[in-house]
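Take a look at the structure set out below.
The values are calculated or read from the model by the stated rules, or taken from the named source; none is laboratory data. What you see is a predicted model; the values in this text were computed from it and never measured. Neighbour counts run over all protein chains shown; Cβ positions are idealised from the backbone, glycine included.
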Amino acid sequence: RHFEHPAEFRPERWLDAEGAAHDRKSARRATMPFGAGPRLCPGRYLALGEMKMVLAMVARNFSLARVGTEGGHEPPERMAFTMAPVGLRMSLGLR
């Protein structure tokens, strides 16, 4: 309804043809991690700020590299409240 192939892990769905993030109204309605309306999560802005800070600190202090998967195939995905690749291995190295 909101995306083509919604059950697949496709991060590029959030980008337009030039590779910049786009703001589709249907995409905003498709994901509501903090709820909406009068019951909106009061810790929303704190959580978003914390996530950005952790990601920035990891990117600043570590080199990230994807470790090869078995047979060179993409790892399978787990469908739950959120989607996540199963068995995606990354290596972190100090900068």
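Of everything in region 24-40 that is closer than 16 Å to residue 4 by Cα and part of a loop (DSSP other than H, G, I, E, B), the residue that is modelled with the highest pLDDT is 31. Consider region 72-83 and keep the residues that are part of a strand (DSSP E or B) and touching a residue at least 12 places away in the same chain (Cβ under 8 Å). The one that is farthest from residue 57 (Cα to Cα) is 79.
Hey, among 89, 44, which residue is modelled with pLDDT of 85 or more and either farther than 22 Å from residue 5 by Cβ or loosely packed, with under 10 Cβ neighbours inside 10 Å (or both)? Walk me through it before giving the result.
Working: 89 fails: modelled with pLDDT of 85 or more.
Answer to the check: 44.
Which of the residues belonging to region 47-86 are loosely packed, with under 10 Cβ neighbours inside 10 Å and either more than 20 Å from residue 9 (Cβ to Cβ) or modelled with pLDDT of 90 or more (or both)? 60, the sole residue that qualifies. Each residue in region 1-16 was checked for being surrounded by fewer than 10 Cβ atoms within 10 Å (Cβ to Cβ), modelled with pLDDT of 75 or more and not in a helix (DSSP H, G or I), and 3 of them qualify.
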